[in-house]
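*Asks:* My questions all concern the structure below.
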Amino acid sequence: MTQPAPKTLFAKIWDAHRIETGSTGSSLVAIDRVFLHERTGAAALKSMAAAGRPVHDPARVFAVMDHIVDTRIGRGDGTLMEGGSAFITETRAAAKAAGIMLFDVNDPDQGITHVISPELGIVLPGVTLVAPDSHTCTQGALGALAWGIGSSEAEHAMATGTLRIEKPRTMRVTFTGTLAPGVTAKDMALALIAAHGAGGGAGHAVEFAGEAVEALEIEARMTLCNMATEFSAMAGFIAPDAKTFAYLAGRRYAPAHFDEPYWQTLRSDEGAVFDAEIVIDASSLAPMVSWGTSPQHSMPIDGAVPQGPQRAHDYIGLEAGATMLGTPIDVAFIGSCTNARLSDLRRAAALVKGHKVSPAIRKALVVPGSSAVKRAAEAEGLDAIFTEAGFEWRASGCSLCFFAGGERFPEGSRTISSTNRNFEGRQGPGIRTHIASPETVIASAIAGAIADPRELAKETAQ
Amino acid sequence: MTPFTTLCSIAIPILRDNVDTDAIIPSREMKSTGRTGLAEGLFAPWRYSDVAARVPDPTFELNRSEAQGGQIILGGANFGCGSSREHAVWALVEYGIRCVIAESFAPIFRANCIRNGVLPITLQRSVVDALAWHQLEIDLAAQTVRAGETNCTFTIEDEPRTMLLEGLDVIDLTLKARDAIAAWTDADRTARPWVYLEKTA
Ligand code: SF4
């Protein structure tokens with residue numbers, strides 16, 4: 001008897017969901033979960049309703065308020081963004097009409113889509129999950145095939161329970177070795193994109209593997225997978241292991257246990273062939289920070305700015321050869337679906353304890369990734385550590401991760417941010433964004449300038 | 001959806017790499033939950049020297065006199081990267097753009113183009129560069145781009161080509177496979193019962 005050919009995890013999930021392959025190359029693929037948020041959700045639901053199309057299976061569609069919702073404590077439907085309330089009220093009405101589960105503004109389970117979906121066990125290993133939000137790939141950390149789509153595709157997924165897509169190629173990114181102290185999953189993601197470009201993963205479903213990936217806790221795996229879209233990959237994911245099953249077991253929408261042999265099959269077989277392979281030595285990585293206007297403009301924090309497109313240098317106000325350390329900053333932000341889970345806040349609080357935010361900083365804030373993270377952090381007293389240091393403590397939401405007309409800083413202001421995008425204007429007109437790990441945000445907030453978190457950790461240890 | 005067959009227009013070069021959807025339509029320009037009222041915000045950070053006062057920046061390609069009425073944009077690598085917002089394509093369509101020719105596209109943006117009747121053409125960078133400010137004739141059925149005497153071909157998968165040529169609504173197309181979807185779901189319900197949730201809302 002011949003052995004079946006070894007398969008990648010991607011191929012297993014794809015084959016299990018393929019309903020039919022059209023004559024023209026694309027496949028009709030079953031979609032297990034759809035997630036919506038108020039930025040794009042109301043538009044999709046309203047457009048479906050206008051076309052007279054019901055949601056195929058409302059029990060598998062979820063919605064949350066995260067993008068425009070105010071993050072100041074005591075919030076209601078009011079928003080800092082002009083006209084933003086309409087997104088909230090219209091999403092609420094549309095979700096109700098469609099009969100889908102909504103985690104509303106002040107629901108205890110409210111939070112950023114990609115933070116609450118794992119928390120509630122909505123995403124599971126081996127499922128297909130889509131949302132009209134590019135960072136849906138975050139959820140691949142639980143062993144799912146999760147990816148971002150547009151509004152029309154979201155309508156398609158909700159109306160039919162399927163999507164019609166071309167099969168992506170496969171890529172494996174293997175991180176060998178062990179991360180040095182002070183180097184995190186965020187730095188792994190930035191190092192990958194800096195080395196292989198913001199388009200480096202285009203057309204590929206990317207499996208992250210290797211010792212350094214296996215060593216990551218589930219929350220850190222989400223940070224790594226979060227930035228797969230910044231690599232232009234269709235999806236990023238990690239094969240589920242004992243940590244994954246332990247994390248998910250018993251969560252509200254998840255099975256109570258993962259004992260069936262099925263769960264153990266969700267990994268790439270020995271000898272499976274990928275269309276592309278990248279190997280990175282994790283032990284060689286340093287804390288990374290972005291210098292320009294694309295995540296690919298990232299560099300080791302203690303290096304000199306490389307030569308990039310002149311437009312990026314002009315926007316960010318740093319020429320090639322400049323040292324990044326010591327660059328004065330105005331705003332420090334810890335938040336987003338990249339780095340605002342409990343483990344991120346714990347590491348950040350441990351570093352900031354006993355220090356103060358520099359008086360040079362105009363604003364420093366911590367915005368928990370979900371309301372559950374907020375409660376857990378408060379129970380541990382992390383909020384007090386942050387506020388004593390001079391950080392503002394907020395309610396959960398996307399907040400300063402992107403600018404929709406809310407909190408505004410003068411043009412040219414420089415932020416250090418635990419987010420995932422440093423595009424021109426991403427955090428407001430003329431704002432210069434440097435993305436980095438929460439550790440680097442803390443070190444920089446204390447110094448008032450971009451600073452190496454490893455130095456601060458040394459001081460704290462003494 | 002308006003079918004796409006042929007198109008004659010000047011090609012407006014915005015030949016930068018990694019043009020992201022925040023640049024194509026900034027979040028603050030997405031003022032309502034609908035799909036309209038977006039054209040004015042198209043490329044707002046680059047198009048206006050004073051965004052609030054809507055003062056055009058004469059150095060931006062879209063503002064040049066020869067670009068007026070143009071329906072084709074040329075881009076660099078990884079065009080449309082970043083946020084999945086379909087508003088980027090809705091804004092392009094409302095402004096009058098029917099085709100983007102670039103060295104490569106971000107996948108979500110490209111899929112959004114096809115769903116909205118915008119033809120995404122991928123060509124080598126040197127070829128894209130050479131098309132700048134030329135009057136182009138695009139023929140989707142023949143998969144050709146003609147600029148004066150020069151003629152080049154492009155490839156696009158059959159399904160998006162058909163969708164664009166016929167202006168098909170994909171959801172209607174898929175709903176024809178209703179029986180296959182139901183049969184698959186029944187079998188899957190037994191194989192993976194945990195996927196199927198009780199209604200909670
Ligand atoms: S936190 Fe930022 S990246 Fe994440 S979903 Fe919200 S806006 Fe998008």
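*Asks:* Could you tell me whether A:Phe386 is within 24 Å of the chain's Cα centre (by Cα), among the hydrophobic types (A, V, I, L, M, F, W, C) and away from the ligand (no atom under 16 Å from the Cβ)?
*Replies:* yes
*Asks:* Does the range A:318-326 contain any residue that is open to solvent by less than 10 Å² (accessible area, probe 1.4 Å), within 16 Å of the ligand (Cβ to nearest atom) and not polar (S, T, N, Q)?
*Replies:* Within the range A:318-326 (the criterion being open to solvent by less than 10 Å² (accessible area, probe 1.4 Å), within 16 Å of the ligand (Cβ to nearest atom) and not polar (S, T, N, Q)), the answer is no, since none of the residues qualifies.
*Asks:* Would you be able to say whether some residue in the range A:173-189 is open to solvent by 10 Å² or more (accessible area, probe 1.4 Å), more than 15 Å from the ligand (Cβ to nearest atom) and part of a helix (DSSP H, G or I)?
*Replies:* No.
*Asks:* Do you know which residues across the range B:97-128 are at negative phi and part of a loop (DSSP other than H, G, I, E, B)?
*Replies:* Within the range B:97-128, B:Ile97, B:Arg98, B:Glu103, B:Ser104, B:Ala106, B:Asn116, B:Val118, B:Leu123, B:Gln124 meet the criteria.
*Asks:* Let me ask something else. Exactly one condition in (1) away from the ligand (no atom under 16 Å from the Cβ); (2) more than 21 Å from the chain's Cα centre (by Cα); (3) in contact (Cβ under 8 Å) with a residue 60 or more places away in the chain is not met by A:Trp393; state its number.
*Replies:* All conditions pass for A:Trp393, except number (2).
*Asks:* Something else about it: Would you please name the residue that is modelled with the highest pLDDT, looking only at residues in the range B:169-189 that are within 7 Å of chain A (Cβ to nearest Cβ) and surrounded by fewer than 17 Cβ atoms within 10 Å (Cβ to Cβ)?
*Replies:* By that ranking, first place goes to B:Ala180.
*Asks:* Ok, one more. B:Arg192 is checked against (1) charged (D, E, K, R); (2) open to solvent by 60 Å² or more (accessible area, probe 1.4 Å); (3) more than 7 Å from chain A (Cβ to nearest Cβ) and fails just one. What number does that condition carry?
*Replies:* In the conditions (1) charged (D, E, K, R); (2) open to solvent by 60 Å² or more (accessible area, probe 1.4 Å); (3) more than 7 Å from chain A (Cβ to nearest Cβ), B:Arg192 misses (2) alone.
*Asks:* Still on this structure, please answer the following. Could you check A:Ile112 against (1) within 14 Å of the ligand (Cβ to nearest atom); (2) within 9 Å of another protein chain (Cβ to nearest Cβ) and say which number it fails?
*Replies:* (2)
*Asks:* Of all residues in the range A:206-230, how many are within 13 Å of A:Ile278 (Cα to Cα) and buried (at least 24 other Cβ atoms within 10 Å of the Cβ)? Show your work before the answer.
*Replies:* Residues of the range A:206-230 that are within 13 Å of A:Ile278 (Cα to Cα), as a first pass: A:206-210.
Adding the requirement that they be buried (at least 24 other Cβ atoms within 10 Å of the Cβ) leaves A:206-208.
Residues in the range A:206-230 being within 13 Å of A:Ile278 (Cα to Cα) and buried (at least 24 other Cβ atoms within 10 Å of the Cβ): 3 in total.
*Asks:* Could you please give the count of residues in the range A:1-44 that are part of a loop (DSSP other than H, G, I, E, B), in contact with a Gly (Cβ under 9 Å, 6 or more places away or on another chain), in the same structural domain as A:Leu145 (by TED's automatic domain parsing) and away from the ligand (no atom under 16 Å from the Cβ)?
*Replies:* Selection size over the range A:1-44: 2.
*Asks:* I would also like to ask the following. Just checking, how many residues over the range A:112-125 are outside any loop (DSSP other than H, G, I, E, B) and either hydrophobic (A, V, I, L, M, F, W, C) or over 16 Å from A:Ile218 (Cβ atoms) (or both)?
*Replies:* Residues flagged as outside any loop (DSSP other than H, G, I, E, B) and either hydrophobic (A, V, I, L, M, F, W, C) or over 16 Å from A:Ile218 (Cβ atoms) (or both) within the range A:112-125 amount to 3.
*Asks:* Has the range A:271-281 got any residue that is among the aromatic types (Phe, Trp, Tyr), more than 30 Å from A:Gly390 (Cα to Cα), more than 16 Å from the ligand (Cβ to nearest atom) and open to solvent by 10 Å² or more (accessible area, probe 1.4 Å)? Steps first, please.
*Replies:* From the range A:271-281, those among the aromatic types (Phe, Trp, Tyr) are A:274; that's our starting set.
Within this subset, residues satisfying the condition of being more than 30 Å from A:Gly390 (Cα to Cα) are A:274.
Add one more test, that the residue is more than 16 Å from the ligand (Cβ to nearest atom), and what stays is A:274.
Among the residues that remain, those that are also open to solvent by 10 Å² or more (accessible area, probe 1.4 Å) are: A:274.
There is at least one residue in the range A:271-281 that is among the aromatic types (Phe, Trp, Tyr), more than 30 Å from A:Gly390 (Cα to Cα), more than 16 Å from the ligand (Cβ to nearest atom) and open to solvent by 10 Å² or more (accessible area, probe 1.4 Å).
*Asks:* Report, by residue number, each residue of the range A:338-347 that is closer than 14 Å to A:Ala384 by Cβ and away from the ligand (no atom under 16 Å from the Cβ).
*Replies:* Matches in the range A:338-347: A:Arg346 only.
*Asks:* Can you find a residue in the range B:66-88 that is touching a Gly at 6+ places or on another chain (Cβ under 6 Å), within 16 Å of the ligand (Cβ to nearest atom), touching a residue at least 24 places away in the same chain (Cβ under 8 Å) and within 14 Å of chain A (Cβ to nearest Cβ)?
*Replies:* Checked the range B:66-88: at least one residue is touching a Gly at 6+ places or on another chain (Cβ under 6 Å), within 16 Å of the ligand (Cβ to nearest atom), touching a residue at least 24 places away in the same chain (Cβ under 8 Å) and within 14 Å of chain A (Cβ to nearest Cβ).
*Asks:* I would also like to ask the following. If A:Ile149 passes every condition in (1) open to solvent by 20 Å² or more (accessible area, probe 1.4 Å); (2) assigned by TED's automatic domain parsing to the domain that holds A:Leu28 but one, which one does it miss?
*Replies:* That leaves (1) as the condition not met.
Table: residues versus (1) within 16 Å of the ligand (Cβ to nearest atom); (2) closer than 30 Å to A:His297 by Cα; (3) within 11 Å of chain A (Cβ to nearest Cβ).
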{"site": "B:Val19", "(1), (2), (3)": "no, yes, yes"}
{"site": "B:Arg35", "(1), (2), (3)": "no, no, yes"}
{"site": "B:Ile101", "(1), (2), (3)": "no, yes, no"}
{"site": "B:Ala106", "(1), (2), (3)": "yes, yes, yes"}
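*Asks:* Could you grab the pairs with beta carbons closer than 8 Å, sequence gap of 6+ or different chains, first residue in the range A:417-435 and on the phi > 0 side of the Ramachandran plot, second one hydroxyl-bearing (Ser, Thr, Tyr) and assigned to a loop (DSSP other than H, G, I, E, B)?
*Replies:* A:Gly428/A:Ser413; A:Gly430/A:Ser413
*Asks:* Still on this structure: Which one is farthest from the other protein chains (Cβ to nearest Cβ) among residues in the range A:361-371 that are more than 16 Å from the ligand (Cβ to nearest atom) and open to solvent by less than 30 Å² (accessible area, probe 1.4 Å)?
*Replies:* Ranking the candidates gives A:Ile361 first.
*Asks:* Would you mention how many residues in the range A:372-398 are open to solvent by 20 Å² or more (accessible area, probe 1.4 Å) and among the hydroxyl-bearing types (Ser, Thr, Tyr)?
*Replies:* Final tally of qualifying residues: 1.
*Asks:* Okay, moving on. Which numbered condition trips up A:Asn106, out of (1) polar (S, T, N, Q); (2) outside the structural domain of A:Thr128 (by TED's automatic domain parsing); (3) within 30 Å of A:Leu342 (Cβ to Cβ)?
*Replies:* Checking A:Asn106 against (1) polar (S, T, N, Q); (2) outside the structural domain of A:Thr128 (by TED's automatic domain parsing); (3) within 30 Å of A:Leu342 (Cβ to Cβ), the one that fails is (2).
*Asks:* Right, next: Output the number of residues of the range A:289-334 satisfying the condition of being on the phi < 0 side of the Ramachandran plot, assigned to a loop (DSSP other than H, G, I, E, B) and more than 14 Å from every other protein chain (Cβ to nearest Cβ).
*Replies:* Looking only at that region, the number is 16.
*Asks:* From the list A:Ser358, A:Ser343, which one is touching an Asp or Glu at 6+ places or on another chain (Cβ under 7 Å), surrounded by fewer than 21 Cβ atoms within 10 Å (Cβ to Cβ) and not β-branched (Val, Ile, Thr)? Spell out the reasoning first.
*Replies:* Numbers: A:Ser358 fails: touching an Asp or Glu at 6+ places or on another chain (Cβ under 7 Å).
Just one listed residue meets the conditions, A:Ser343.
*Asks:* While we're on this one: Looking only at residues in the range B:147-161 that are part of a helix (DSSP H, G or I) and more than 7 Å from every other protein chain (Cβ to nearest Cβ), which one is modelled with the highest pLDDT?
*Replies:* For the range B:147-161, the residue satisfying everything is B:Arg161.
*Asks:* Take the residues in the range A:82-99 that are among the aliphatic types (A, V, I, L, M) and open to solvent by less than 10 Å² (accessible area, probe 1.4 Å); name whichever of them is nearest to the ligand (Cβ to nearest atom).
*Replies:* Step by step, filter the range A:82-99, then rank; the result is A:Ile88.
*Asks:* Here's something else I'd like to know. Which ones in the range A:45-72 are more than 16 Å from the ligand (Cβ to nearest atom) and either outside any loop (DSSP other than H, G, I, E, B) or outside the structural domain of A:Phe103 (by TED's automatic domain parsing) (or both)? If you could, list the steps in order and put the result at the bottom.
*Replies:* Of the range A:45-72, the ones more than 16 Å from the ligand (Cβ to nearest atom) are A:45-61, A:72.
Those that are more than 16 Å from the ligand (Cβ to nearest atom) and either outside any loop (DSSP other than H, G, I, E, B) or outside the structural domain of A:Phe103 (by TED's automatic domain parsing) (or both): A:Leu45, A:Lys46, A:Ser47, A:Met48, A:Ala49, A:Ala50, A:Pro58, A:Ala59, A:Arg60, A:Val61.
*Asks:* So, one more: Please verify whether the range B:142-159 includes one or more residues that are open to solvent by 40 Å² or more (accessible area, probe 1.4 Å), closer than 20 Å to A:Gly150 by Cα and free of Cβ contacts under 8 Å to residues at least 60 places away in the same chain.
*Replies:* Yes, the range B:142-159 contains at least one residue that is open to solvent by 40 Å² or more (accessible area, probe 1.4 Å), closer than 20 Å to A:Gly150 by Cα and free of Cβ contacts under 8 Å to residues at least 60 places away in the same chain.
*Asks:* Hey, among the residues in the range A:126-148 that are within 13 Å of the ligand (Cβ to nearest atom) and part of a helix (DSSP H, G or I), which one's farthest from B:Thr21 (Cα to Cα)?
*Replies:* A:Gln139
The values are calculated or read from the model by the stated rules, or taken from the named source; none is laboratory data. Please read these numbers as outputs of a predicted model, since none were measured by experiment. Glycine also receives a Cβ, built like all others from the backbone with ideal geometry; neighbour counts cover every protein chain displayed. Heavy atoms of the whole protein, side chains included, go into the accessibility calculation; ligands, DNA and RNA do not. Shrake-Rupley method; radii C 1.70, N 1.55, O 1.52, S 1.80 Å.
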